[in-house]
Number of protein chains: 2
Amino acid sequence: MIQRVVLIGSGNVATSLAHALARQGTLAQIYSRQMAHASQLAQAVGCDCVTDDLQALLPDADAYVVSVRDDVIAQVIAQVPDNGALWVHTSGSKPIDLFAGQRQCYGVLYPMQSFSRQLPTPLDEVHIFVEGNQAISLAAVRQLASQLSHHVVEASSDQRRRLHVAAVFACNFANHLWTLADETLREAELPFEAMLPLIRTTVAKLTHLSPAQSQTGPAMRHDMQVIDSHLAMLDGDKRDIYALLTRSILERNPLND
Amino acid sequence: MIQRVVLIGSGNVATSLAHALARQGTLAQIYSRQMAHASQLAQAVGCDCVTDDLQALLPDADAYVVSVRDDVIAQVIAQVPDNGALWVHTSGSKPIDLFAGQRQCYGVLYPMQSFSRQLPTPLDEVHIFVEGNQAISLAAVRQLASQLSHHVVEASSDQRRRLHVAAVFACNFANHLWTLADETLREAELPFEAMLPLIRTTVAKLTHLSPAQSQTGPAMRHDMQVIDSHLAMLDGDKRDIYALLTRSILERNPLND
């Protein structure tokens with residue numbers, strides 16, 4: 001069991017981490033560049049040790065979690081000397097190498113979720129992807145992650161980059177398609193809410209089937225009559241996107257003779 | 001209150017309709033071309049009047065719901081003389097005009113949901129889109145629909161076609177993006193299940209925000225460094241789709257100066 005964790009950061013990811021660590025009694029200290037942010041988060045989770053000074057980090061914690069903006073992680077690491085403890089960052093797109101030459105025992109602990117400071121997310125069901133610079137570090141990161149979530153998966157820095165691409169498709173782009181549906185409905189003076197039961201059903205199917213297995217719609221059944229009538233109704237990039245995604249579905253699902 | 005409804009059909013949509021009508025005690029008869037299908041559905045919902053003969057439909061019901069495959073609706077209508085009752089079909093893409101010249105009082109009752117025969121869906125929360133050939137028919141269709149669901153919305157045949165396009169974007173295409181995410185993860189030997197919490201969070205946001213308001217990701221924040229690194233990792237149609245959807249998001253969300 002990792003007993004004492006120092007959390008460096010007070011942003012979207014850090015906030016959910018602070019709540020989870022505090023609940024299990026392992027949150028020893030919160031650092032934020034801005035004392036007000038550190039204090040506010042500490043108060044919300046019931047932690048009595050805060051600082052805005054990297055030189056005042058507790059020297060003897062078991063683990064240090066660097067959960068700050070991607071472009072300042074390296075800077076934070078450089079300002080604190082190695083103390084032999086486990087050091088991890090929580091970034092999806094930054095490699096483990098940020099710690100190379102600066103720490104002995106280090107890794108990455110990346111919780112795959114869309115976090116917001118305003119609404120802390122319980123981590124129990126979030127997939128956490130872990131990486132370590134050597135077997136002993138990996139074991140330590142894995143231990144820390146498994147204290148937070150039931151779903152701990154090892155992933156290299158390259159796998160983590162691909163996870164991020166997959167998440168862009170699965171979430172950012174899917175959400176944009178809902179924007180395009182919303183635009184289509186507005187043009188017809190219909191409410192987007194009409195789509196919600198349908199979207200929820202589509203997502204619910206993923207619990208039992210792979211997305212490829214649960215694909216439906218005109219492209220899936222090669223219904224060219226409906227596809228052509230839809231293309232005729234669309235213009236601008238909605239037309240291009242409809243055509244490209246339809247072709248992508250058709251190609252992956254040839255009709256059986 | 002519409003008291004006695006004859007249901008013509010025993011497929012995906014008809015099955016959920018049969019359950020909903022039977023629960024409120026308004027299901028008077030089930031027709032299917034195949035007696036076995038009619039009997040099976042009737043037994044499942046507790047209805048004691050079935051037929052496989054269009055000439056044996058009860059002559060004196062209040063409403064007749066034609067819930068058969070799009071390409072046989074017209075055929076069914078043509079085989080039964082008008083009896084002055086309300087007649088509706090349940091198709092998303094077929095116009096109301098299928099009844100023109102064949103009935104006096106007619107309309108469309110289109111429940112917007114992905115139905116499956118195996119698992120009847122409660123209709124209470126499903127948006128039902130209604131159309132009538134005249135005020136009195138519309139009132140009757142609206143009455144019938146409101147006995148089934150809290151969400152009844154009037155929609156013309158043209159609006160219904162646009163609804164269908166919107167549903168293709170919102171569900172069929174979104175699901176295909178999940179297939180592309182799955183492919184990306186497989187290449188990295190990672191499980192698709194890792195995406196599910198993220199997808200669920202993205203959908204949950206739609207309850208409070210429009211999809212445009214809740215858009216996030218590299219394209220939304222114009223992070224060209226991440227976008228370029230993602231494009232460099234992709235090939236085939238995944239690369240084209242990434243580029244097109246990214247452009248579509250960038251164009252709709254210009255950076256403020």
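Restricting the stretch B:189-209 to residues that are touching a strand residue (DSSP E or B) at 6+ places or on another chain (Cβ under 9 Å) and either more than 7 Å from chain A (Cβ to nearest Cβ) or assigned to a helix (DSSP H, G or I) (or both), which is nearest to A:I128 (Cα to Cα)? Break it down into steps so the answer makes sense when it comes.
Taking the stretch B:189-209 as the starting set, the residues that turn out to be touching a strand residue (DSSP E or B) at 6+ places or on another chain (Cβ under 9 Å) are B:190-191, B:193-198.
Of the ones still in play, those that are also either more than 7 Å from chain A (Cβ to nearest Cβ) or assigned to a helix (DSSP H, G or I) (or both) are B:191, B:193-198.
Values: B:P191: 12, B:E193: 12, B:A194: 9, B:M195: 11, B:L196: 13, B:P197: 11, B:L198: 12 Å.
Among them, the one singled out is B:A194.
Please determine, by comparing only the residues of the stretch A:10-51 that are touching a strand residue (DSSP E or B) at 6+ places or on another chain (Cβ under 7 Å) and part of a loop (DSSP other than H, G, I, E, B), which one is surrounded by the most Cβ atoms within 10 Å (Cβ to Cβ). Checked the stretch A:10-51; the qualifying residue surrounded by the most Cβ atoms within 10 Å (Cβ to Cβ) is A:S10. Within the stretch A:217-230, restricting attention to residues that are at pLDDT below 90 and more than 9 Å from every other protein chain (Cβ to nearest Cβ), the residue that is nearest to A:L250 (Cα to Cα) is A:R221.
For B:S214, indicate whether it is more than 7 Å from chain A (Cβ to nearest Cβ), over 16 Å from A:Y242 (Cα atoms), touching a helix residue (DSSP H, G or I) at 6+ places or on another chain (Cβ under 6 Å) and in contact (Cβ under 8 Å) with a residue 12 or more places away in the chain. No, not satisfied.
Out of the residues in the stretch A:164-173 meeting the condition of being out of contact with any Phe, Trp or Tyr (no Cβ under 7 Å at 6 or more places or on another chain) and at the interface with chain B (Cβ under 7 Å from one of its Cβ atoms), tell me which one is farthest from A:F129 (Cα to Cα).
Taking the stretch A:164-173 as the starting set, the residues that turn out to be out of contact with any Phe, Trp or Tyr (no Cβ under 7 Å at 6 or more places or on another chain) are A:164-169, A:171-173.
Now restrict to residues that are at the interface with chain B (Cβ under 7 Å from one of its Cβ atoms): A:165-169, A:171-173.
On the way: A:V165: 15, A:A166: 14, A:A167: 14, A:V168: 17, A:F169: 19, A:C171: 18, A:N172: 20, A:F173: 22 Å.
Checked the stretch A:164-173; the qualifying residue farthest from A:F129 (Cα to Cα) is A:F173.
Please verify whether A:E183 is assigned by TED's automatic domain parsing to the domain that holds A:S248 and in contact (Cβ under 8 Å) with a residue 40 or more places away in the chain, treating the condition exactly as stated. Criteria met by A:E183. Considering only the stretch B:133-141, I want to know if a residue exists there that is facing chain A (nearest Cβ under 10 Å) and not polar (S, T, N, Q). No, because not a single residue in the stretch B:133-141 is facing chain A (nearest Cβ under 10 Å) and not polar (S, T, N, Q).
Only helices (runs of 4 or more DSSP H) whose full extent lies in the stretch A:71-188 are considered here, and the ones with at least 1 residues that are buried (at least 22 other Cβ atoms within 10 Å of the Cβ) and not β-branched (V, I, T) are A:135-146, A:157-167, A:174-187. Only one of the listed residues (B:S137, B:S214, B:S149) is of a type in the set (G, A, S), on the phi < 0 side of the Ramachandran plot and modelled with pLDDT under 95. That residue is B:S214. Residues in the stretch B:231-249 that are over 17 Å from A:I241 (Cβ atoms) and either at the interface with chain A (Cβ under 7 Å from one of its Cβ atoms) or in contact (Cβ under 8 Å) with a residue 40 or more places away in the chain (or both): B:M233 alone. Taking first residues from the stretch A:189-210 that are touching a residue at least 12 places away in the same chain (Cβ under 8 Å) and partners that are basic (K, R), the Cβ contacts under 9 Å between residues at least 6 apart in sequence or on separate chains come to A:F192/A:R186. Cβ-Cβ contacts under 8 Å between residues 6 or more apart (or on different chains), taken from a first residue in the stretch B:4-27 that is modelled with pLDDT under 95 to a second residue that is part of a strand (DSSP E or B) and of a type outside the set (V, I, T), are listed as B:N12/B:S116; B:V13/B:P111.
What number of residues within the stretch A:52-70 satisfy the criterion of being touching a Ser or Thr at 6+ places or on another chain (Cβ under 6 Å) and buried (at least 17 other Cβ atoms within 10 Å of the Cβ)? Looking only at that region, the number is 1. Filtering the stretch A:210-257 to residues that are over 13 Å from B:V168 (Cβ atoms), assigned to a loop (DSSP other than H, G, I, E, B) and hydrophobic (A, V, I, L, M, F, W, C) leaves A:A212, A:L255.
For the stretch A:142-163, a residue qualifies if it is without any contact (Cβ under 8 Å) to a residue 24 or more places away in the chain and within 13 Å of another protein chain (Cβ to nearest Cβ), and the qualifying residues are A:D158, A:R162.
Considering only residues that are in a loop (DSSP other than H, G, I, E, B) and closer than 15 Å to B:V6 by Cα, which ones fall in the stretch B:55-70? Give the derivation first.
Of the residues in the stretch B:55-70, the ones in a loop (DSSP other than H, G, I, E, B) are B:57-62, B:67-69.
Scanning the stretch B:55-70 gives B:L57, B:L58, B:P59, B:D60, B:A61, B:D62, B:S67, B:V68.
The values are calculated or read from the model by the stated rules, or taken from the named source; none is laboratory data. All values reported here derive from a predicted model rather than from experimental measurement. Positions of Cβ are generated from backbone atoms using ideal geometry, with glycine treated the same way; all protein chains shown enter the neighbour counts.
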